[in-house]
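Chemist: Okay, here's the structure, questions in a sec.
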Amino acid sequence: MPRRRIASVDGPDPIDIHVGSRLRLRRSLIGMSQSELAGHLGLTFQQVQKYEKGTNRMSCSMLWRAAEALDVPVTFFFDGLEGGIRSEVAEDPLSRELLTLLRLYNAAPEGVQSAIVKLLRSVVEIGEEEEEPRQKLAS
């Protein structure tokens with residue numbers, strides 16, 4: 001039987017860290033501050049910070065309230081854990097620039113969103129076409 005985790009020795013549980021990073025991701029995507037989320041949850045922004053870092057574990061009722069405040073299903077916080085518990089704490093997969101891009105994309109009208117997707121596809125295709133001659137020269 002594996003040894004029981006001790007937070008003071010082992011640090012935050014990887015699942016709590018994952019849930020906290022998902023909390024931060026969703027809050028950032030919708031442009032909500034920690035203080036605003038704290039207000040919805042009846043907490044201080046410092047408590048939200050601790051949840052986001054995984055330092056403090058969220059209770060089931062708090063997780064439910066957070067899901068309502070962020071307009072996501074509770075399962076959102078556990079997405080990415082289906083393959084098993086991560087043994088290492090992964091770095092946040094989304095950079096600040098990507099979060100800004102997603103926030104702006106979500107705020108744009110639907111027609112503009114499809115134009116953005118077309119533009120990005122064109123840019124990627126141009127980049128791929130430029131790479132092909134370079135790869136041939138390197139061969």
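Chemist: Could you work out how much longer the chain between R4 and A107 gets when fully extended? Use 0.36 nm per residue separation minus the Cα distance between them, nm to one decimal.
Modeler: 32.5 nm
Chemist: Can I ask one more? At a threshold of 8 angstrom on Cα-Cα distance, excluding pairs fewer than six apart, so keeping six or more, what relative contact order does segment 7-91 reach in percent?
Modeler: Value for segment 7-91: 40 percent.
Chemist: If you wrap a convex hull around the Cα atoms of segment 7-91, how much volume per residue is inside, in Å³?
Modeler: On the way: hull volume 8.0 nm³, N = 85.
Per-residue hull volume (Cα only) is 94 Å³.
Chemist: Sticking with this structure for a sec: Specify which residue in the list A69, L43, H18 is farthest towards the positive end of the charge dipole of segment 7-91, using unit charges on the beta carbon of Lys, Arg (+1) and Asp, Glu (-1), about the Cα centre.
Modeler: The residue sitting most towards the positive pole is L43.
Chemist: Same structure, new question: Which value, in debye to the nearest 20, describes the size of the charge dipole of segment 7-91 about its Cα centre when Lys and Arg Cβ atoms bear +1, Asp and Glu Cβ atoms bear -1, and nothing else is charged?
Modeler: Approximately 220 debye in magnitude.
Chemist: So, one more: Just to verify a number: FRET efficiency for Q49 and R121, C-beta to C-beta distance, R0 = 35 Å, to 0.05?
Modeler: Approximately 0.40, to the nearest 0.05.
Laboratory data are not the source of any read-out in this text; all were calculated from the coordinates shown. Just so we're clear, the structure is a prediction, and the values are computed from it rather than from any experiment. Because the Cβ atoms are built from the backbone with ideal geometry, glycine has one as well, and the counts that use them run over all protein chains shown.
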